[in-house]
Each structure stands twice: as C-alpha cells, then as structure tokens.
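One structure is given below, encoded as structure tokens.
Coordinate-derived values only; no laboratory data. Just so we're clear, the structure is a prediction, and the values are computed from it rather than from any experiment. For neighbour counting, all protein chains shown are included, and Cβ atoms are generated from backbone atoms with ideal geometry for every residue, glycine included.
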Amino acid sequence: MNIPFEQMPSSARAWVYTSNRMLTSTEVNLIQDRLTPFLTEWSSHGTPLRAACQVVDQSIIVVAVENGFEAASGCSIDKSVRTLKDIEQEFQISLFDRLQILYKPSPTASVQVLPLAQFKNKLAAGEISAEGSIANTQVASVGELKSELWKEVKDSWLARFLPSTAV
C-alpha cells in the first residue's frame, strides 16, 4: 500500500539509491509514477507493505517501508530491486554503482555526480572541501534520512582520502 512519504514514521526502513546522473524533472515524475503501482501492490508473504518513495535532489531515489506494519522480507526486497533495475534500463541510469559519489559543495548547491577516482583526485587537488557533503547511502531509516542523508566529507568514509592538511 503506497502512502505519502511525509507520513512515514522516523523508524521506517529506508533504502537509498543514487543515480549516476542528474534526473530531469520529467524523469523524476515518471520514476515516481513507475514506483507508485509497485508500492501499491508490494507485499511480504502476501501481506501488504506500507511503503513510500521519494526522489531527492533530482538524483537520489528513496524507498521506505513502515516497520511494525509488516516487515519487508528477502523476497519482497528482491522485487523492489527488480523494479529499480527496470527503471535503470528504462531511463538509462545506474542506481547501484557505489563508485559514483554525489557531492554538494554547500547545502544549497547543485549536486555533482563524480566517479570515485575523479572525486579522490579533486580532493587531493583541494578542489573539493572537507566541509562539502556527500550523499550517505548508508542511512537505514527515514529518521536517519532526514538528518544524515548529506554528510560532510570530513565525517564520511571518504575522509581517509583527504590530504592531511585538510583534516
């Protein structure tokens, strides 16, 4: 059963998928339109899931399931991954490549999508700030999504690549 994302409790399980390119407004709407029927019918062992989706910053797709109503099982998670793989093909994007880094130099800046190697080179050259933020694909709940989706580079797993003078 599909519900508005705003109605998801903070404890709801969240999955974050980052696109390897910025999505157009039309693509964002079409992706949400493709996910809505899936979420409406999504179930775990025959029991409907209370689920929602949201596209953030024209580059991040979030799928959430309310815990306590019915938990998503391995089979239901596999179904969601297949749906997202279909979206990848339809829109010619990659949602599962964790070597693509989404970076924002400031909270109000546009998202930049950079391959990890290029991101590391820009860090070394001082072109990327330790205070800039990356998309945190490790968030596990809607509550974490609200507070930790964008994490400063210096507080992320990428901090190990910062020049010693930047830390």
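Among the lysines of segment 1-137, pairs at least eight places apart or on separate chains and with Cα atoms under 29 Å apart come to 4.
The alpha-carbon of Lys154 sits under 16 angstrom from the alpha-carbons of these aspartates and glutamates, leaving out residues fewer than 8 places away in its chain: Glu127, Glu131. Looking at segment 45-154, the trypsin sites (Lys or Arg not before Pro) that sit in a DSSP loop and have at most 10 other Cβ atoms within 10 Å of their own Cβ are Arg98.
With the simple spin-label model, which puts each label point 7 Å out from Cα in the Cβ direction, the Ser147 to Arg160 separation comes to 2.6 nm.
Inter-label distance, Asp78 to Gln92: 3.1 nm, where each label sits 7 Å from its Cα along the C-beta direction. Computed 3J(HN,Hα) for segment 144-160, one whole-Hz value per residue from the Karplus formula 6.51 cos²θ - 1.76 cosθ + 1.60 where θ = phi - 60°, is 5, 4, 5, 9, 10, 4, 9, 10, 4, 3, 5, 9, 10, 5, 7, 4, 5, glycine and proline marked x. Each residue of segment 13-23 was assigned a 3J(HN,Hα) from its phi angle through the Karplus curve 6.51 cos²θ - 1.76 cosθ + 1.60 (θ = phi - 60°); the sequence is 6, 10, 10, 10, 10, 9, 7, 7, 7, 5, 9 Hz, with glycine and proline shown as x. Computed over the chain, the per-residue total of -39500 (n - 2.57) for DSSP H runs of n ≥ 4 gives a 222 nm mean residue ellipticity of -9500 deg cm²/dmol, rounded to 500. Here the Karplus relation 6.51 cos²θ - 1.76 cosθ + 1.60, evaluated at θ = phi - 60°, turns the backbone of segment 120-135 into coupling constants of 4, 5, 5, 4, 4, 7, x, 7, 10, 8, 5, 8, x, 10, 10, 5 Hz, with x for every Gly and Pro.
For segment 5-91, pairs of C-alpha atoms spaced more than 22 angstrom apart make up 22 percent of the total.
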